[in-house]
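Note sheet for the following structure.
The values are calculated or read from the model by the stated rules, or taken from the named source; none is laboratory data. None of these values were measured; they are calculated from a predicted model. For neighbour counting, all protein chains shown are included, and Cβ atoms are generated from backbone atoms with ideal geometry for every residue, glycine included. Just so you know, the surface numbers come from the protein's heavy atoms only, side chains and all, with ligands and any DNA or RNA stripped out. Shrake-Rupley method; radii C 1.70, N 1.55, O 1.52, S 1.80 Å.
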Amino acid sequence: MSSKEKSTGATDERGVVITLVAVFMLFVVGAMAALSIDVVTLYTARSEAQLAADAGALAGARALANSGATFDANLLLTETSPGGSASIVAAEVATQNQVGGTSATAIVSFDTTSVRNPKVTVQVTTNSLPTFFSRIWGTKQLSATARAKAEAYNASPDGSGGVRPPIATTCVKPWVLPNMDPSPGGTTIFDAGSGTVTNNSSLVNFSSNGNAATRLSTACPSGSDCASTTPTALKYYPLDLSNFAAPSAVSECTPALTPANQYQQSIAGCITQPIACNDRVPLDLSRYDTRNPETTDAINCLTHANGNGGDTIASPSPPAGPFVYLGGTGNPIPGSDAKELMVSSSLVTIPVYDNTVSGPPANTVQVIGFVRLFLNPLGRPTRTTGGNSYQTRITVIDLVGCGDGIGARSGPPILGNGSSPIAVRLVSLN
């Protein structure tokens, strides 16, 4: 064979190799493009699905916390049924935003083994994520799925055993109530030693009536100090606010208080410094002759009660049904009038102190639980003299005891959410 023939054969072989390498690189570049674009798209959608699942689970748990369901098994069953508000809210929140530019579906399930500590799991799925370079291999759509679980944690013991960590809340009003149950036949709200609720069946859903003794009011009469008063159910003692920072803004209050001192700001807003189970908090037992009218103005402002514009409870006689809140004409949120609300500024949390020792309270008292009340604007306090002046109609929404007794209250408390002493948080999926 001549050298010319050998050279031609080698050139042909090199041409074939180059062609094969070019074809191979085409597939490599396509694979890399699919990896860099389609996989990024998948991971982005997966992150969006996780955020949606987290939001849905937290919304469902908050609905459980706000409905009063952590005290009544029948209420919990109603809330977690397919038509219950917790189930509906969790699904709606989880699917209100698109995942990867496509619509997603949500599956909601509940764990109600513990009434005090119900959990909601949300799974968000989309099966229609568009692909780009993956179409080379015939893959036209991708799927993304994410799951999240949240709980509504009520620290009150439920009889299941084990140590239940205490809680702390960052939004309380500047009042402290004695551990006295105002409901018929009631004695104490909490057992100071065990942290259990002693009479929850009648106190949750307890509402004020025409009797002034069933309304929220001050324990300190005008013209005298608090140091010599006898504790009475629903009669609050003011906190010593020199130990607490005033709210930086009172966005809940319309129209704004003018002028507003720290006491009124703490009512119309809230005390943002955490107050935890077993804390000792200072009381202001001094004479304060303008406290009643100041309290009246701040409560009316907080609840938007001027002109009967406050939010209301719409549920049909709990515990037959869960608590449902309707926005009033004075609610500053646009479009909230007569609409169902997840939260309301009329919902307030008040610490309860241990008044085991008879007589007036000391300068500092120990927190053994929290009561959450709905301040009823239909019975708003008025700045008149005599009669029912400076008294506020209330409905008891939640009771939260402080864990399993003094000796068991160890470790950092679980932080509650906003005005609720019931903590709403994401938990492990295990």
If packing is taken as the average count of other Cβ atoms within 10 Å, what order do 183-193, 51-61 fall into, highest mean first? 51-61, 183-193
Inter-label distance, nm, simple model (7 Å from Cα along the C-beta direction), residue 73/residue 245: 4.6
Which order do the peptides 276-288, 346-358 take when ranked by the mean count of other beta-carbon atoms within 10 Å per residue, highest first? 346-358, 276-288
Length gained, residue 213-residue 342, 0.36 nm per residue minus C-alpha separation, equals 43.5 nm
Highest mean first, how do 222-235, 110-123 rank when packing is the count of other Cβ atoms within 10 Å averaged over residues? 110-123, 222-235
Which sequence of 103, 202 reflects their accessible areas, 1.4 Å probe, from the largest down? 103, 202
